[in-house]
Amino acid sequence: MTQSLDMVDQLRRKLNGETVDQIASLTVHFSDNCNLKCEHCSYAEQKEKIELSEKVVEELANHDPMYTCLVGGGEPTFLSHRDRFNELVSMLPNEKRVYMITNGIVIPDHVDEWGPKFDFIRVSLDAATPETYMTIKGANQFKKVIDNIGRLLDENINRVGVTFVAQGHNFHEAPQFFELVAPFYFKHGNRFFAKVKPLRGYEHLLPPKEDIQAVYDSIVEKASKSILFKRFLEEGTNFFELPNMYIPVTEKQPEGEKCYYSLLYVLVSARGVVYPCGVMSRKEMNSIGNLYSDSWEDVLQRQREFHEHINPRENEECKGCWDDDKNQILGEIIDKDLDVNPSLTKLGGIGNLYCHI
């Protein structure tokens, strides 16, 4: 039974010293295996085939996560047998409280069973041509992924998005990328969205600022010639963030003095290791437990200790935090004791704004 879908309420309860078993925001890696060999990906050379056990997924589901992200690790759909994805997802909460980031090569069987659980599925395309896709991904799967994006929309997944992770090899294709995927928006409306973002840690590989601006200007020019394309860009994309892609965030120190989000979030790797945030997972630091050996009570205790002892503004390990905006929002809510709709926190859940684009 659902306990709550209000993450702000849960945060207040935890700050007041209450023990809350329910997980607010869960990121889980079903697998460290992948069917691609993307440049700069630390999992590309993964030798061991590791998958999270049903027992661990069941334990996480028993804590009724408000919002769950399925991501890598490797590729969340690339599992040991065809029915395994549906078996694992079937344990998770209903009510469109799950989303997934996938490479889109595999659409698991039984989509009619697992599909209704998803708020959205976002496909990492990262190219506008088969040639660039091959250069970045190391596989000739471009057409299949494009076809699968259409299939997910036709299968009535609530929302389907596509990501263009900007880097040196593909940035010049950004205008072509938006033109390529715009027909999905024309056909399906707001059920489709497109997101562009820089490759974390490799912003230095992007073109010079003036070249980035030129690419942005060319997109704006194309929009001036089509009212439908302009509407797609304004309502279904974050293209307006392109001019700031050159700003490196990896070495940026967070603004917040308290890591409130660490009281709401857990990331569980395919090895069962639990981290308090994505940055610590990426750096393989500050684990707060392992679900193969530690109790949930132990994990919660270490979660509290992490929150109490870390100051993101001063801690070198927190550089590059991509949840700093959430921490600042949560900090203002707590400091001013505001009554805020959960959607404004960007934390997901009912009426969420999180990861819409």
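The values are calculated or read from the model by the stated rules, or taken from the named source; none is laboratory data. Just so it is clear, the model here is predicted, and its values are computed rather than measured. Note that each Cβ is placed from the backbone with ideal geometry, even for glycine, and that neighbours are counted across all protein chains shown. These accessible areas exclude ligands, DNA and RNA; they are computed on the full protein's heavy atoms, side chains included. Shrake-Rupley method; radii C 1.70, N 1.55, O 1.52, S 1.80 Å.
For the stretch 150-160, check the following and say yes or no: at least one residue is over 30 Å from residue 64 (Cβ atoms), among the hydrophobic types (A, V, I, L, M, F, W, C), touching a residue at least 24 places away in the same chain (Cβ under 8 Å) and not in a loop (DSSP other than H, G, I, E, B).
So far as the stretch 150-160 goes, no, none of its residues is over 30 Å from residue 64 (Cβ atoms), among the hydrophobic types (A, V, I, L, M, F, W, C), touching a residue at least 24 places away in the same chain (Cβ under 8 Å) and not in a loop (DSSP other than H, G, I, E, B).
Which is under 24 Å from residue 38 (Cβ atoms), of a type in the set (D, E, K, R) and open to solvent by 20 Å² or more (accessible area, probe 1.4 Å), of 112, 154, 147?
147
Restricting the search to the stretch 164-202, which residues are open to solvent by 40 Å² or more (accessible area, probe 1.4 Å), within 21 Å of the chain's Cα centre (by Cα) and more than 25 Å from residue 152 (Cα to Cα)?
Passing the criteria: 200, 202.
Filter the stretch 55-71 down to residues that are open to solvent by 10 Å² or more (accessible area, probe 1.4 Å) and part of a loop (DSSP other than H, G, I, E, B) and give me whichever is nearest to residue 33 (Cα to Cα).
Result: 71.
When you go through 267, 242, 228, 233 one by one, which is the residue that is part of a strand (DSSP E or B) and closer than 27 Å to residue 160 by Cα?
On inspection, the qualifying residue turns out to be 267.
Results for (1) polar (S, T, N, Q); (2) at pLDDT 95 or above; (3) outside any loop (DSSP other than H, G, I, E, B), shown as yes or no for each residue.
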site: 128; (1), (2), (3): no, yes, no
site: 131; (1), (2), (3): no, yes, yes
site: 143; (1), (2), (3): no, yes, yes
site: 169; (1), (2), (3): no, no, no
site: 175; (1), (2), (3): no, yes, yes
site: 180; (1), (2), (3): no, yes, yes
site: 184; (1), (2), (3): no, yes, yes
site: 187; (1), (2), (3): no, yes, yes
site: 194; (1), (2), (3): no, yes, yes
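State whether one or more residues within the stretch 203-221 are touching a residue at least 12 places away in the same chain (Cβ under 8 Å), more than 24 Å from residue 76 (Cα to Cα), open to solvent by less than 10 Å² (accessible area, probe 1.4 Å) and part of a loop (DSSP other than H, G, I, E, B).
No, the stretch 203-221 has no match at all.
Residue by residue through the stretch 72-87, note down the ones that are open to solvent by 20 Å² or more (accessible area, probe 1.4 Å) and not polar (S, T, N, Q).
Matches in the stretch 72-87: 72, 78, 79, 81, 82, 83, 87.
Looking at the stretch 161-182 only, could you name the residues that are touching a residue at least 60 places away in the same chain (Cβ under 8 Å) and in contact with a strand residue (DSSP E or B) (Cβ under 8 Å, 6 or more places away or on another chain)?
161, 163, 166, 167, 174, 178
I'd like the residue in the stretch 260-291 that is out of contact with any strand residue (DSSP E or B) (no Cβ under 9 Å at 6 or more places or on another chain) and under 18 Å from residue 21 (Cα atoms) and, out of all such residues, is most open to solvent (accessible area, probe 1.4 Å).
260
Identify the single condition in (1) over 30 Å from residue 219 (Cα atoms); (2) out of contact with any Lys or Arg (no Cβ under 7 Å at 6 or more places or on another chain) that residue 245 does not satisfy, given that it satisfies every other one.
(1)
I need a count of the residues in the stretch 115-142 that are among the basic types (Lys, Arg) and either under 13 Å from residue 161 (Cβ atoms) or open to solvent by less than 10 Å² (accessible area, probe 1.4 Å) (or both).
Final tally of qualifying residues: 2.
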